[in-house]
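To start, the structure itself, in structure tokens.
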Amino acid sequence: MEKFGAKLLFNTLVSKLQNNYLYDEARSIAMIYFEDVLLINKIDIVNNNEISIDINTFDNHLSKLLQYYPIQYLAQKAYFMDSFFIVNQHTLIPRQETEELVLLISNYYENSKNINVLDIGTGSGCIPISLKKRHPSWKLFGLDISKEALEIAHFNSLNLKSDVTFYDFDILDNKKLKSNHLFDCVVSNPPYILEQEKKEMHDNVLKYEPHSALFVKNEEPLIFYKKILEFNKKYLINDGLVFFEINPLKTTEIEHLLNQYHYSDIKIIKDFNNKCRFAVGKKQ
């Protein structure tokens, strides 16, 4: 172990990270690293208090960060809807857009006390767990094909004291769900980024986040939406709602698809970046 002034080490880390990131992002990454990996708080940094670290471990972490390894995977947690969720390379890192999706559902059903909500492709479980925390009387469920992701989701559910039921299920398989529940609301943030868009993606996403949760073939851009709407024929109640996070490039196609499946009250909603990001429809 070697001793350093916390502020000096922090500023050194920010300076190194600026080889890859703009100053504000470099500083944000450095702060997460100090607080969540080194467990050193802001007061120590501001006062330049002396800290002890393993310099070999620090150098190893710095090397990873300079290869665009996500700080959330290094810290093994990500902040979402006022809570920390455990994440790893089997789960997507939760995004701000998905927080907006949670708030859309929460606000729509604000006065509903006993509803069943299903999240398809749940990953870390951030959507159903966050909804359960906001609405304790609701029953929340999550599906995912990845057993590793479901282990993380189950841990997050226990850790955040949020009772959610998870199922190992492949929405593309057309198999029967091992549940007798019908759902008032189905939500999904499915894979929707086209393979042709990979060239526009940053290395922190392309190299490390699970591609199966991100990308779809150019030839089948709406495959998950179609399968979910087929699933909804049996499991979503009449007048139940579906909430999708969508690719802004496929807004018109999503609207047409919802019309084809006889959904009404279809709405396309923009995100905080003014991009068409969410689709809502009512099953008839």
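No lab work stands behind these numbers, since they all come straight from the coordinates. As the structure is a computational prediction, the values presented were derived from the model and not from experiment. Every residue, glycine as well, gets a Cβ built from its backbone with ideal geometry; the counts of neighbours run over all protein chains shown.
Using only Cα positions of the stretch 146-284, each an equal point scatterer, no hydration layer, compute I(q)/I(0) via Debye at q = 0.13, 0.14, 0.15, 0.18 Å⁻¹ and quote the log10 values to two decimals.
-0.66, -0.77, -0.88, -1.22
May I ask which residue of TYR167, LEU177, PRO136 lies farthest towards the positive end of the charge dipole of the stretch 95-202, with charges of +1 (Lys, Arg) and -1 (Asp, Glu) on Cβ and the Cα centre as origin?
PRO136
Any idea how far apart ASP163 and GLN67 come out in nm if each label point goes 7 Å out from Cα toward Cβ?
Each label point is offset 7 Å from its Cα along the Cβ direction, giving 4.4 nm.
Give me the one-decimal nm value for the distance between modelled label points at ASN174 and TYR23, 7 Å along each residue's Cα-to-Cβ direction.
According to this spin-label approximation, the distance is 5.8 nm.
Taking just the alpha carbons, could you work out the radius of gyration and Dmax for the stretch 102-215, both in angstroms?
15.1, 45
What does the extension gain come out to for ASN47 and ASN107, with contour length at 0.36 nm per residue minus their alpha carbon separation?
Details: separation 60, 0.36 × 60 = 21.60 nm, distance 4.27 nm.
So the chain would gain 17.3 nm between ASN47 and ASN107.
What is the helix-to-structure angle for 223-235, meaning the angle in degrees between its Cα long axis and the longest Cα principal axis of the chain, kept from 0 to 90 and rounded to the nearest 10?
Value to nearest ten degrees: 50.
Size of the stretch 204-258 along its principal axes in angstrom, Cα-based, largest extent first?
Projected onto the principal axes, the Cα atoms of the stretch 204-258 cover 42, 22, 17 Å.
Roughly speaking, what is the stretch gain from LYS217 to LEU39, that is 0.36 nm per residue apart minus the C-alpha to C-alpha distance, in nm to one decimal? Write out the running numbers ahead of the final one.
Numbers: separation 178, 0.36 × 178 = 64.08 nm, distance 4.14 nm.
59.9 nm is the gain from fully extending LYS217 to LEU39.
Please report the base-10 log of the normalised intensity I(q)/I(0) for the stretch 2-67, using a Debye sum with one equal scatterer per alpha carbon and no solvent, at each q in 0.18 (1/Å).
-0.59
Average projected area of the Cα convex hull of the chain, in nm²? Don't jump to the answer; show the numbers that get you there.
Numbers: hull surface 63.7 nm².
Directional mean of the projected Cα hull area for the chain stands at 15.9 nm².
Hey, rough spin-label estimate for GLN260 and ASP54, points 7 angstrom out along Cα→Cβ, what's it come to in nanometres?
5.4 nm
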